Amino acid sequence: MPPVFAHGRLRLYLLKLLDEAPRHGYEVIRLLEERFQGLYAPSAGTVYPRLSKLEAEGLVTYATEGGRKVYSITEAGRAELADRSGELADLELEIRDSVTELAAEIRSDVRGAAGDLRREMRAAATASAAQVGEEDSWKAAKEELRKARQEWKEQARRAKDESRRAREEAQAARRQAKEAQDRAREEVQRIAGQLQEQFARSGGVLGSLAGAWLGGTAAAPADTADDAAPGWAADLAPTGDPARDLDRLLDRFRDEVRDAARDHGVSAAQVAEARDHLAAAAARLGATFAPRP
C-alpha cells in the first residue's frame, strides 16, 4: 500500500487540525482516524514527534491541562497555512483518494479470504466424509460455506458503501477546492487593487529597499535604486495578468527579506531602519502606479 501522506503532508494536515481548535496529541490521532473512516490511524510515534517539531519551529504552542499538552496554532502557523492553501486543497483530495484505495484493498482482501475459506471448507468436508459419512459431512460443509458466503457478502457490501462515500466526498472536495481557488483569485485581484490605491496615495520605492537589503547595504541612493539588483526575479515569467504578476513579485520580495532576517537575526535598530526603507519604497511605487499626465 502506498504511503497515506506524501513527504511533508502530515505536517501540513496537523497545522490544519490545530487551526480548527486546540487539541492534545491523542485527540489529533483520533481525528485522523475519523477522517480516514477508521481505515487508517497514525501511531503516537508518528504524531507526537511532529507536534514537537512544529512547536520548536514556532508554528504551534502548547499549554498543560490535566497533565496533558494541549497544542494550539500560532500566527506563524496560520501564515504558513495561508501560504500553502492550494497545497492543502490538494491534500484534502489526496486523503479522499487514499480512503478509496484503502476500501478497494479491503474488498480485495475479503474476496481472497472468502476464496481461501471455500477451499478449506471443501477440504474439511472431504476429510470428514471419510470418517463420519459423506452425507452428514457435506451438509455441515455446505452450511459453513453458506455462512461464509453470507459474511463475505456483508463485508463486500460495507466496503462498497465506504467506497461510494469516499467518491462522494472526493467530488465534494474537488468542488470546494475549485471554489477556494476562485475565491483566492478574486482576493488577489482585490488586494492588488488596494495596493495600487495605497501606492497612489503614498507614493514609493520598493526597488530601493530590495536593492539595499539584497545587496547587503544599509541604504541606496534613490537615483541608483533601479540598478541595485539587476535581474532580480527574472525567473518569474509574465503570466499575462499584471495584477497576478505584481502579487508574485511582492511574494518574492517578502520571502527573501523574511529569509534574510531569519538567517541573520533582526535587531530593533534594523526594524526601525527597515520601516524607513518600506516607507520610501511605498512612496516610489505609488508614484509608479499613479496615472501619467
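Tabulated values for the structure
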| quantity | calculated |
| --- | --- |
| Subset of segment 237-256 [assigned to a loop (DSSP other than H, G, I, E, B) and hydrophobic (A, V, I, L, M, F, W, C)] | Ala237 |
| Qualifying positions in segment 31-70 - in contact (Cβ under 8 Å) with a residue 24 or more places away in the chain and under 30 Å from Glu162 (Cβ atoms) | Arg35, Phe36, Gln37, Leu39, Tyr40, Pro42, Thr46, Val47, Arg50, Leu51 |
| Segment 237-265 residues that are among the small types (Gly, Ala, Ser), paired with ones that are assigned to a helix (DSSP H, G or I) and open to solvent by less than 60 Å² (accessible area, probe 1.4 Å) (beta carbon under 8 Å, 6 or more apart) | Ala243/Val188; Ala243/Ala192; Ala243/Gly193 |
| Any hit, segment 151-170, residues being at pLDDT 60 or above, farther than 25 Å from Ala260 by Cα and of a type in the set (S, T, N, Q) | yes |
| Considering residues of segment 59-78 that are under 18 Å from the mean Cα position of the chain (by Cα) and open to solvent by 20 Å² or more (accessible area, probe 1.4 Å) only, the residue farthest from Leu10 (Cα to Cα) | Glu75 |
| Selection count, segment 23-42, where residues are open to solvent by less than 60 Å² (accessible area, probe 1.4 Å) and either outside any strand (DSSP E or B) or of a type in the set (A, V, I, L, M, F, W, C) (or both) | 13 |
| Residues that are part of a loop (DSSP other than H, G, I, E, B) and free of Cβ contacts under 8 Å to residues at least 12 places away in the same chain, drawn from segment 13-22 | Ala21 |
| Any chance Pro291 is open to solvent by 70 Å² or more (accessible area, probe 1.4 Å), modelled with pLDDT of 90 or more and either of a type in the set (Phe, Trp, Tyr) or not in a helix (DSSP H, G or I) (or both) | no |
| Looking only at segment 1-38, and only at residues there that are among the basic types (Lys, Arg) and closer than 21 Å to Leu59 by Cα, the one that is modelled with the lowest pLDDT | Arg9 |
| Verdict on Glu179 being of a type in the set (D, E, K, R) and surrounded by 12 or more Cβ atoms within 10 Å (Cβ to Cβ) | no |
| Options Arg248, Arg284: the member that is surrounded by 14 or more Cβ atoms within 10 Å (Cβ to Cβ), more than 23 Å from Asp83 (Cβ to Cβ) and modelled with pLDDT of 85 or more | Arg284 |
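The values are calculated or read from the model by the stated rules, or taken from the named source; none is laboratory data. The structure displayed is predicted, hence computed values, not measured ones. Note that each Cβ is placed from the backbone with ideal geometry, even for glycine, and that neighbours are counted across all protein chains shown. Remember, those area values only see protein heavy atoms, side chains included, never the ligands or the DNA or RNA. Shrake-Rupley method; radii C 1.70, N 1.55, O 1.52, S 1.80 Å.
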